[in-house]
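Participant: Sharing a structure below in structure tokens format, with a few things to ask.
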Amino acid sequence: MHKRVGRASVKYEEGVYIVNSASVVGTKEGQGPLGHLFDRVGSDDLFDCNTWEEAESALQKEAVYMALKKAGKKPEEIQMMFAGDLLGQSIATSFGLKQFEIPMLGVYGACSTCGESMLLGSMAIEGGFADQVVCVTSSHFASAEKEFRFPLEYGNQRPLSATWTVTGSGAFVLSGKHSHGDRAKITGFTVGIVTDYGLKDSMNMGACMAPAAASTIERHFKDFQCGPEEYDRIITGDLGTVGQQILLDLLREKGYDIADVHMDCGIEIYDADTQDTHAGGSGCGCSAVTFSAYILKQMEEKFWKKVLFIPTGALLSKTSFNEGQSVPGVAHALVIEHV
């Protein structure tokens, strides 16, 4: 059972279970502080493929295969798959996942896709439209640079506000039935709105996305009639160091101080002192692999019992950027509780 709370939120009475998950990352991510937690670290970022796009497809295929194996499930037991990536027409997803022959719904929320896919997957289960679903997303540094910025061969300089697109894929198996070994459960969500402060700097994604994160967190607090003290951690997807400070400032203006409980996946995944990633990590894979490898582990071990997980996305394209449009953001929040 579930009930609507406020305009944009839903609370589940029992919850939808995260049966298991998997994370596959590239070499740079494997060298970071979370490297020992990922299920697989590639020996090179091409993953034995011919192109960067094929490599990203391989990331998704491996992540789904491992998640299903860890959950003890076969593809034919899964009713729906919610999946997406950053590339045009989501080609990393369609080419990477076709072999599973699972009914698939493509999702695009930019770097918020991990949250959006799990939100939709939990809705499908809670509404009785599926018993078990898979949610997966990915990003790849090289394919994203080619898609949104410059070919790697150009060798352009990156400003200190820039984030480094994570090469990685995270996959999650969700179920409406509790089973031994479930990693956590989704007990509610708040759907974000597209928020645009008029910023046009594609090299400062954190600033572009922070207003959307602040909007969703404020709406969540109002809908659920709670505050920061409700959560052990409030975790954004990939704001980085620049976006984090903007988020904290925006929420303080609204009367909420989350500084003591806030964490950002883009800050956690790389070592700022040794890895030269400037403001931190970004990309669909950033929050997905950090959630699978680190956040769920913290919940399994009961260091955290309840977190608010808010993947963040910048909704730009090559066309919108070249036409001088601003960079709107969106963020969706999931309430995650330990089992």
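Just so you know, all these numbers are worked out from the coordinates, no wet-lab data involved. Only a predicted model underlies this, so the values are computations on that prediction, with no experimental measurement involved. When we count neighbours, we look across all protein chains shown, and the Cβ atoms used for this are built from the backbone with ideal geometry, even at glycine.
Participant: Quick check on my filter: what residues within the stretch 106-159 are more than 17 Å from Gly285 (Cβ to Cβ), in contact with a strand residue (DSSP E or B) (Cβ under 7 Å, 6 or more places away or on another chain) and small (Gly, Ala, Ser)?
Facilitator: Across the stretch 106-159, the qualifying residues are Gly121, Ser122, Ala124, Ala130.
Participant: Could you run through the stretch 98-127 and say how many residues are assigned to a helix (DSSP H, G or I) and out of contact with any His (no Cβ under 8 Å at 6 or more places or on another chain)? Steps first, please.
Facilitator: Keep residues of the stretch 98-127 that are assigned to a helix (DSSP H, G or I), which gives 98-100, 113-126.
Still in the list and also out of contact with any His (no Cβ under 8 Å at 6 or more places or on another chain): 98-100, 113-114, 117-118, 120-125.
Going through the stretch 98-127 one residue at a time, the tally reaches 13.
Participant: Within the stretch 226-240, which residues are part of a loop (DSSP other than H, G, I, E, B) and either without any contact (Cβ under 8 Å) to a residue 24 or more places away in the chain or of a type in the set (Val, Ile, Thr) (or both)?
Facilitator: Passing the criteria: only Cys226.
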